[in-house]
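Chemist: Input: one structure, supplied below.
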Amino acid sequence: MKDDCIFCKIAAGQIPSATLWEDGDFRVILDLGPASRGHALILPKEHYADLCELDDAVGAKVMPLARKIGSAMMKALGCAGFNVVQNNGEAAGQTVRHFHVHIIPRYEGGPKIVAWEPGELNDADKAQIVEAVKMKL
Ligand code: 5GP
Ligand code: ZN
């Protein structure tokens, strides 16, 4: 646990939260600034700043838990779908440096929440990107 980390404190139950699920590895809470009704956050109880630091064994449990929470939301809240969002680094919109996964219910006719304008992938760039990234794997 990291002393100055608010999500460590919430995950440990030291700061009260609206908790949807808790087990040995995770606490799932409602986001204080929801993008839609029911917006939740999956928090590991251990501190990892982001996905790059996340333990593999904990990471393997994240998607099954996201499915469990999202499925329950669809039954309980009447959303028609949900987004699973996970930000890494300030440039990507991460504001709390404790790994977390957003589960964002999506309602019929609701606003776009995760959206971008598609660009174009040209052949030269494609080759350069593939070569550069593969070198670092
Ligand atoms: P990020 O931008 O880092 O991916 O997401 C951080 C999220 O945490 C935001 O959606 C924000 O509303 C939420 N958040 C920040 N502080 C608190 C808090 O103290 N309690 C809860 N429940 N959510 C928080
Ligand atoms: Zn933390």
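Chemist: All but one of (1) assigned to a loop (DSSP other than H, G, I, E, B); (2) under 13 Å from the mean Cα position of the chain (by Cα); (3) without any contact (Cβ under 8 Å) to a residue 60 or more places away in the chain hold for His98; state the number of the condition that does not hold.
Modeler: (3)
Chemist: Gln86 fails exactly one of the following numbered conditions: (1) in contact with a strand residue (DSSP E or B) (Cβ under 7 Å, 6 or more places away or on another chain); (2) polar (S, T, N, Q); (3) more than 22 Å from Ala115 (Cα to Cα); (4) surrounded by fewer than 17 Cβ atoms within 10 Å (Cβ to Cβ). What is the number of that condition?
Modeler: (3)
Chemist: Look at the stretch 24-48 and say how many of its residues are of a type in the set (Val, Ile, Thr) and more than 7 Å from ligand 1 (Cβ to nearest atom).
Modeler: Number of matching residues: 2.
Chemist: Tally up the residues in the stretch 113-137 that are assigned to a loop (DSSP other than H, G, I, E, B) and over 28 Å from the mean Cα position of the chain (by Cα), please.
Modeler: The number of residues fulfilling the criteria is 1.
Chemist: Which pairs have Cβ atoms under 9 Å, sit 6 or more apart or on different chains, and link a residue in the stretch 61-78 that is within 12 Å of Phe26 (Cβ to Cβ) to one that is surrounded by fewer than 16 Cβ atoms within 10 Å (Cβ to Cβ) and not small (Gly, Ala, Ser)?
Modeler: From the stretch 61-78, the pairs are Lys61/Asp23; Leu65/Trp21; Leu65/Asp23; Lys68/Trp21; Ile69/Trp21.
Chemist: Scan the stretch 90-99 and tell me whether some residue there is in contact with a strand residue (DSSP E or B) (Cβ under 8 Å, 6 or more places away or on another chain) and either within 23 Å of Lys112 (Cα to Cα) or open to solvent by less than 60 Å² (accessible area, probe 1.4 Å) (or both).
Modeler: Within the stretch 90-99, one or more residues are in contact with a strand residue (DSSP E or B) (Cβ under 8 Å, 6 or more places away or on another chain) and either within 23 Å of Lys112 (Cα to Cα) or open to solvent by less than 60 Å² (accessible area, probe 1.4 Å) (or both).
Chemist: So how many residues does the stretch 10-30 have that are surrounded by fewer than 17 Cβ atoms within 10 Å (Cβ to Cβ) and of a type outside the set (Phe, Trp, Tyr)?
Modeler: Result for the stretch 10-30: 11.
Chemist: Let me ask something else. Can you tell me which residues in the stretch 42-61 are open to solvent by 10 Å² or more (accessible area, probe 1.4 Å) and either among the hydroxyl-bearing types (Ser, Thr, Tyr) or not in a loop (DSSP other than H, G, I, E, B) (or both)?
Modeler: Tyr48, Asp56, Ala57, Val58, Gly59
The values are calculated or read from the model by the stated rules, or taken from the named source; none is laboratory data. Since the structure is predicted, the reported quantities are computational estimates derived from the model, not experimental observations. Here the Cβ is made from the backbone with ideal geometry for all residues, glycine too, and neighbour counts use every protein chain on show. The protein model used for the area step is the full one, side chains on, heavy atoms only, and it has no ligands, DNA or RNA in it. Shrake-Rupley method; radii C 1.70, N 1.55, O 1.52, S 1.80 Å.
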